[in-house]
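Working notes, beginning with the structure itself.
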Amino acid sequence: MQEYERKQLLERIGKEGATIGAQIPEEIDVQGERIELRKFVFEIKRRETVPEGEQERVEQAKRKLRKERLERLEAIEEGEISRQEGERLAESIIGIDRALEGLQQLGPADLEAEANAQQLADKKRWTRFMRQALGMDEDSTPNRR
């Protein structure tokens, strides 16, 4: 994939209205586990609030989806992938975002925790990007080329 194509995909994913009209994937592999995502989200959303016994299940699903989203985003940002694979990953990320939006709107939200989690993920991506741009390895020593 060309660098400009990568940037286009990342812009599309990051666009504010990217999830408008997007479909939640029917099924998705998340952390090695096959999940019927659309069915799960609609099952949970049918209720006005998440029942006591389901709250942990929903929170765990959101954590797994965020982690999977990050891994797929990193594959686009850093991976040697084809344009077709990048498109597939971008569509799946937008679908994951759509599912997360649906799950976020349920029950009392811990907005501070959500903001902190997003900020931490952004810092990690930015740090990784800067290390690569500066030619640094994981142990913070400059690469000698």
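The values are calculated or read from the model by the stated rules, or taken from the named source; none is laboratory data. Keep in mind that what you see is a predicted model, and the values were worked out from it rather than measured. Cβ coordinates were reconstructed from backbone atoms using ideal geometry, including for glycine residues, and neighbour counts include every protein chain displayed.
Here is how the numbers come out for the structure above:
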| item | result |
| --- | --- |
| Selection from region 1-19 of residues that are of a type outside the set (Ser, Thr, Tyr) and loosely packed, with under 10 Cβ neighbours inside 10 Å | GLN2, GLU3, GLU16, GLY17 |
| Which listed residue, of ILE35, ILE76, ILE81, ILE44, is more than 30 Å from LYS123 (Cα to Cα) and touching a residue at least 12 places away in the same chain (Cβ under 8 Å) | ILE44 |
| Verdict on SER92 being among the hydroxyl-bearing types (Ser, Thr, Tyr) and surrounded by 14 or more Cβ atoms within 10 Å (Cβ to Cβ) | yes |
| Matching entry among GLU74, GLU68, GLU36 (being under 20 Å from GLU5 (Cα atoms) and either in the same structural domain as ALA18 (by TED's automatic domain parsing) or not polar (S, T, N, Q) (or both)) | GLU74 |
| Region 87-135: number of residues that are outside any helix (DSSP H, G or I), modelled with pLDDT of 80 or more and aliphatic (A, V, I, L, M) | 1 |
| Residues of region 21-60 satisfying the condition of being loosely packed, with under 10 Cβ neighbours inside 10 Å and within 21 Å of ILE94 (Cβ to Cβ) | GLY21, GLU33, ARG34 |
| Hey, GLU26 acidic (Asp, Glu), modelled with pLDDT under 85 and part of a loop (DSSP other than H, G, I, E, B) or not | no |
